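Visitor: Here's a structure for you.
Bear in mind these aren't lab numbers, they're just calculated from the coordinates by the rules spelled out. Keep in mind the model is a prediction, meaning the values are calculated, not measured. Ideal geometry is used to build each Cβ from the backbone, glycine not excepted, and the neighbour counts take in all protein chains shown.
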Amino acid sequence: MTQANESLGLSAADHIRALNHHAQTERLFDYALINRTPVSAELKAKYALEAAAQIVADLDSVAELGVRPVLGDYLDEATVARHATDRVAQDLLVLVSQSSTKTT
């Protein structure tokens, strides 16, 4: 979800660009974990009151940055939207495992 005064209107690729800029590098990441689960209508309406919205997953733009998008169900929803940390961690471990297999 976007946040007021921080990320309103930014897409996934925009977030990556901002991080690259802050790190003063052309490409900081090889992969980007990107949520593919849509937020419920109820929570969407709640966030709209703050002018916040779900981040647009502009996958082609992410790939153009040289970053491989990894799609997953990373949304935990209750009274607010949160990262599904268990699923994020699981997919990160898979990426690390695949990476270490390639280097040995």
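Visitor: With angles folded into 0 to 90 degrees, how steeply does helix 12-23 sit against the dominant principal axis of the chain? Use alpha carbons for both and round to 10.
Guide: It works out to around 60 degrees.
Visitor: Considering only DSSP beta bridges where both residues belong to region 12-103, give the percentage that are antiparallel (nearest 5).
Guide: Close to 40 percent.
Visitor: Counting other Cβ atoms within 10 Å, which trypsin sites (Lys or Arg not before Pro) in region 1-58 have at most 14 and lie in a DSSP loop?
Guide: ARG27, ARG36
Visitor: Once the other residues with Cβ under 14 Å from the Cβ of LEU71 are scored (Lys, Arg +1; Asp, Glu -1), what is the net sum?
Guide: Values: positive: ARG36, ARG68, ARG87; negative: ASP58, ASP60, ASP73, ASP91.
Its environment carries a net charge of -1.
Visitor: How about region 15-104: which GluC sites (Glu not before Pro) there are in a DSSP loop, with at most 10 other Cβ atoms within 10 Å of their Cβ?
Guide: Counting only loop positions with at most 10 other Cβ atoms within 10 Å, the GluC sites (Glu not before Pro) in region 15-104 are GLU26.
Visitor: Suppose every Lys and Arg Cβ carries +1 and every Asp and Glu Cβ carries -1, with no other charges. What dipole size does the chain come out with about its Cα centre, to the nearest 20 debye?
Guide: Rounded to the nearest 20 debye, it is 160 debye.
Visitor: How big is the equivalent ellipsoid of region 12-103 along its three axes, where each semi-axis is √(5λ) from the Cα gyration tensor, reported in whole Å from largest to smallest?
Guide: 26, 18, 10
Visitor: Next up: Before rounding to the nearest 500, sum -39500 (n - 2.57) across all DSSP H runs of length at least 4 in the chain and divide by the residue total; then give [θ] at 222 nm in deg cm²/dmol.
Guide: Mean residue ellipticity at 222 nm (helix-derived): -13000 deg cm²/dmol.
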